[in-house]
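What follows is one structure encoded as structure tokens, with my remarks underneath.
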Amino acid sequence: PTLGEGFGLPPMQAMALKVPVIVTKFSGCEDYADENTCTIINPSGYMVHPMLDKIQQFRERKWPRITVEDIQKSMR
């Protein structure tokens, strides 16, 4: 899962190799990923990420909230 991708090349490469993929329903992955091609995690909300907020181009941007439990459920 990812907080944000411009396109999401690593998931696309894994899908090309038939490796199971879990992606976040957010950002660039939404252009090619759906329930037929991978496992989708729907964010439980959105937040300002404190570490990313220190970077000028990411200041006050909202990122998806993904929990460990969301990832565990998707892996099972």
Could you tell me which of H49, G4, S74 has its Cα farthest along the dipole of the chain towards the positive end, charges placed at Cβ (Lys, Arg +1; Asp, Glu -1), taken about the Cα centre?
H49
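Work through the residues other than V23 whose Cβ is under 10 Å from its Cβ and net out their charges, Lys, Arg +1 and Asp, Glu -1. Could you put the intermediate results ahead of the total?
On the way: positive: K25; negative: E5, E30, D34.
Surrounding charge for V23 is -2.
Could you provide, to the nearest whole Å², the per residue accessible area of the chain with probe 1.4 Å? Numbers along the way, then the final one.
Values: 5520 Å² over 76 residues.
Counting only protein heavy atoms, the per-residue value for the chain is 73 Å².
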Spin-label pair E69/A14, simplified geometry with 7 Å Cα→Cβ offset, distance in nm:
2.3 nm
Lysines whose Cα lies under 28 Å from that of K54, excluding same-chain neighbours fewer than 8 positions away:
K25, K62
Under a no-solvent Debye model with one identical scatterer per Cα of the chain, what's log10 I(q)/I(0) at q = 0.11, 0.13, 0.14, 0.25 Å⁻¹?
-0.29, -0.40, -0.47, -1.17
How much of the accessible area of region 1-70, probe 1.4 Å, is carbon plus sulfur, in whole percent?
55 percent
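The values are calculated or read from the model by the stated rules, or taken from the named source; none is laboratory data. What you see is a predicted model, and the numbers here were worked out from it, not measured in a lab. FYI the Cβ positions are ideal-geometry reconstructions off the backbone, even for glycines, and counts take in every protein chain you see. Calculation scope for accessible area: heavy atoms of the full protein, side chains included, ligands and nucleic acids excluded. Shrake-Rupley method; radii C 1.70, N 1.55, O 1.52, S 1.80 Å.
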